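Input: a single structure, listed below in structure tokens.
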Amino acid sequence: MRLILLGPPGAGKGTQAQRLVQKYAIVQLSTGEMLRAAVAAETPIGLQAKDIMANGSLVPDEIVVGIISDRLDQPDMKNGFILDGFPRTVPQAEALDELLKKKHIKLDAVVELRVNESALLSRVETRVAEMRARGEDVRIDDTPEVLSKRLASYRALTEPLIHYYSERRKLLTVDGMMTIEHVTREINRILGAIGAVDEAKAAKKTAKNTAKKASGKVSAAAGKPAKKGAKVAKKATVAAKTASKGPKKGSKKTSAKATPKAAKKATRQATKGSKGRAAAKGTKVAKKVTKKRAKA
Ligand code: ADP
């Protein structure tokens with residue numbers, strides 16, 4: 001499984017990534033962690049990144065793209081990965097598209113954790129307090145001042161990725177304001193619905209869900225008795241639910257527009273299976289990007 005986790009600082013990307021790592025035996029690639037390690041080890045990249053990170057700005061795209069490119073070539077990537085904190089800008093996303101294409105890797109989905117901005121400061125404050133209580137080093141950029149800079153940079157440079165990936169039919173939005181447990185469950189459900197989860201595990205889950213449905217828990221569409229029908233309905237319900245969350249105050253219109261499309265697509269996928277089409281579309285998208293770049 002190959003995923004990107006998208007969301008502002010404090011959205012819970014790290015927490016959810018760890019859970020996904022355990023469940024699916026995949027690797028978490030956190031550019032923030034990698035850069036902090038480079039800073040601590042005082043490598044040339046670390047020395048370059050140190051001050052930039054301390055004041056909440058973004059490290060240059062070439063540096064992070066280089067780190068990720070090297071990392072994707074490591075043998076432990078074969079089961080899959082979760083990108084956490086990367087891409088963070090549209091040029092990074094374009095570079096990632098090129099990298100994945102070159103390395104013949106297919107991205108399954110981009111999971112956006114959507115949270116109210118007002119909750120973020122207190123979440124980060126809680127994280128700081130917990131780290132202090134455990135006697136751990138507190139991140140130098142976890143102060144209210146730097147956090148507001150990180151948030152501003154998220155809004156200006158990273159939020160456009162929501163539109164970028166919804167246009168490419170990759171975006172799945174999850175309400176990040178629920179409990180950690182709930183968010184995990186929702187992510188797993190959605191991944192199951194798009195078929196990103198390992199077939200055997202997915203089959204088990206579907207069997208469980210079908211049993212639940214039989215007890216009359218789901219929408220009218222799910223009332224079809226055949227197993228396949230129930231599966232299709234389930235996928236459509238999950239996608240529709242995701243789409244119906246809509247943007248919270250302040251978020252871009254585009255994500256609201258794009259998510260119903262994702263719902264439609266999930267339904268289509270559920271009905272027919274999408275491997276061939278997704279591959280064809282991937283090529284088309286890559287071509288488009290190349291054309292666009294050539295023009296530029
Ligand atoms: P956050 O909780 O703010 O998402 P991260 O641990 O992901 O924190 O990142 C910490 C810092 O590392 C960022 O503020 C930025 O300076 C740098 N960084 C991490 N990932 C990237 C990236 N993809 N591009 C540029 N800078 C990055």
So which residues in the stretch 77-90 are touching a residue at least 24 places away in the same chain (Cβ under 8 Å), out of contact with any strand residue (DSSP E or B) (no Cβ under 9 Å at 6 or more places or on another chain) and more than 8 Å from the ligand (Cβ to nearest atom), if there are any at all? Val90
Do we have any residue at all in the stretch 60-76 that's within 10 Å of the ligand (Cβ to nearest atom), closer than 16 Å to Arg2 by Cβ and modelled with pLDDT of 95 or more? yes
Which pairs do you get when a residue that is in contact (Cβ under 8 Å) with a residue 40 or more places away in the chain, found in the stretch 150-161, comes within reach of a residue that is of a type in the set (S, T, N, Q) and open to solvent by 20 Å² or more (accessible area, probe 1.4 Å), reach meaning Cβ atoms under 7 angstrom, with the pair 6+ apart or on two chains? Ser153/Ser57
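So that you can scan it fast, the table gives a plain yes or no per residue for (1) more than 22 Å from Leu120 (Cβ to Cβ); (2) over 16 Å from the mean Cα position of the chain (by Cα); (3) modelled with pLDDT under 95:
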| residue | (1), (2), (3) |
| --- | --- |
| Ser148 | no, yes, yes |
| Arg168 | yes, no, no |
| Glu186 | no, no, no |
| Leu191 | yes, no, yes |
| Ala196 | yes, no, yes |
Give the stretch 75-114 a look and list any residue that's open to solvent by less than 20 Å² (accessible area, probe 1.4 Å) and in a loop (DSSP other than H, G, I, E, B), or say none. Gly80, Gly85, Phe86, Pro87, Thr89, Leu107
Out of the stretch 50-59, which residues are free of Cβ contacts under 8 Å to residues at least 40 places away in the same chain and near the ligand (Cβ under 7 Å from one of its atoms)? Ile52, Val59
Give the residue that is surrounded by the fewest Cβ atoms within 10 Å (Cβ to Cβ), with candidates limited to residues of the stretch 20-38 that are near the ligand (Cβ under 9 Å from one of its atoms) and part of a helix (DSSP H, G or I). Glu33
Report, ordered by the first and then the second residue, all pairs with beta carbons closer than 6 Å, sequence separation of six or more or different chains, a first member in the stretch 26-44 that is closer than 13 Å to Ile68 by Cα, and a second member that is away from the ligand (no atom under 11 Å from the Cβ) and open to solvent by less than 20 Å² (accessible area, probe 1.4 Å). Val27/Phe81; Gln28/Ile82; Leu29/Phe81
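Return the residues of the stretch 126-161 that are basic (Lys, Arg) and either more than 13 Å from the ligand (Cβ to nearest atom) or assigned to a loop (DSSP other than H, G, I, E, B) (or both); say none if nothing qualifies.
Arg132, Arg134, Arg139
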Qualifying positions in the stretch 107-127 - closer than 18 Å to Gly85 by Cβ and free of Cβ contacts under 8 Å to residues at least 24 places away in the same chain: none
Quick one: Met1 ticks every box in (1) within 11 Å of the ligand (Cβ to nearest atom); (2) of a type outside the set (Gly, Ala, Ser); (3) under 17 Å from the mean Cα position of the chain (by Cα) except a single one, so which number is it? (1)
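The values are calculated or read from the model by the stated rules, or taken from the named source; none is laboratory data. Predicted model only: the values in this text are computed from it and were never measured. Ideal geometry is used to build each Cβ from the backbone, glycine not excepted, and the neighbour counts take in all protein chains shown. Only protein heavy atoms, including side chains, enter the accessible area calculation; ligands, DNA and RNA are left aside. Shrake-Rupley method; radii C 1.70, N 1.55, O 1.52, S 1.80 Å.
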